[in-house]
Amino acid sequence: MKNILLSLFLILALFANAQDSYEIDVKIKDYKSEVLLLANYYGDKTYLADTAKMKGKGHFVFKKNEKLGGGIYIIVSDDKKSMFEIIVPGSTTLKFETQGPDYIKNMKVSNSIENQLFFDYLKYSGELYTKVKPLNDRYQQIDKESDSAEILKNEITQ
């Protein structure tokens, strides 16, 4: 009986410890820098959450045995430029693979339905933006009372 209770306690302790850790695996083809940053938003400010050193060609792993709060995080280059955002649904294991210059368009997500849906949405909205931007640009240059303005507004809405 003692052995069973001890075994159960050890299993629960390991499980509880696993919940208070995270691993975010990021591969960025052709990324040359040795360091990648993980930042998060808190209100209108951005804070550094973790730093990863290159493990191999463009391969970085953010990993700690502590809880990483859920939310939207940013993958940031060592020169402090935002590369892309990810959703962290609490302490978990996530995998991302991409290449520049269009990190979102080239993104492959593993082990996260939230991030797959998020990047599908970002890709879709990017495609819409590409289609609508020329129409908006033309609309800004014409007389808003003209028939052309009404036609362009309808095209933009569609």
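The values are calculated or read from the model by the stated rules, or taken from the named source; none is laboratory data. These figures come from a predicted structure and were not determined experimentally. Because the Cβ atoms are built from the backbone with ideal geometry, glycine has one as well, and the counts that use them run over all protein chains shown. Ligands, DNA and RNA are excluded from the accessible area calculation, which covers all protein heavy atoms including side chains. Shrake-Rupley method; radii C 1.70, N 1.55, O 1.52, S 1.80 Å.
Listed values, structure above:
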{"item": "Conditions (1) modelled with pLDDT of 90 or more; (2) under 28 Å from Lys45 (Cβ atoms); number of the one not met by Leu128", "result": "(2)"}
{"item": "From the options Val88, Val109, residue that is crowded, with 16+ Cβ neighbours inside 10 Å, of a type outside the set (S, T, N, Q), touching a helix residue (DSSP H, G or I) at 6+ places or on another chain (Cβ under 7 Å) and within 23 Å of Lys64 (Cα to Cα)", "result": "Val109"}
{"item": "The one condition in (1) part of a loop (DSSP other than H, G, I, E, B); (2) surrounded by 17 or more Cβ atoms within 10 Å (Cβ to Cβ) that Thr98 fails to fulfil", "result": "(1)"}
{"item": "Check on Phe62, within 13 Å of Val26 (Cα to Cα), touching a residue at least 24 places away in the same chain (Cβ under 8 Å) and open to solvent by less than 60 Å² (accessible area, probe 1.4 Å)", "result": "yes"}
{"item": "All positions within the stretch 65-85 that are at positive phi and open to solvent by 60 Å² or more (accessible area, probe 1.4 Å)", "result": "Lys80"}
{"item": "Asn115 vs. criteria under 15 Å from Ile24 (Cβ atoms) and open to solvent by less than 40 Å² (accessible area, probe 1.4 Å)", "result": "yes"}
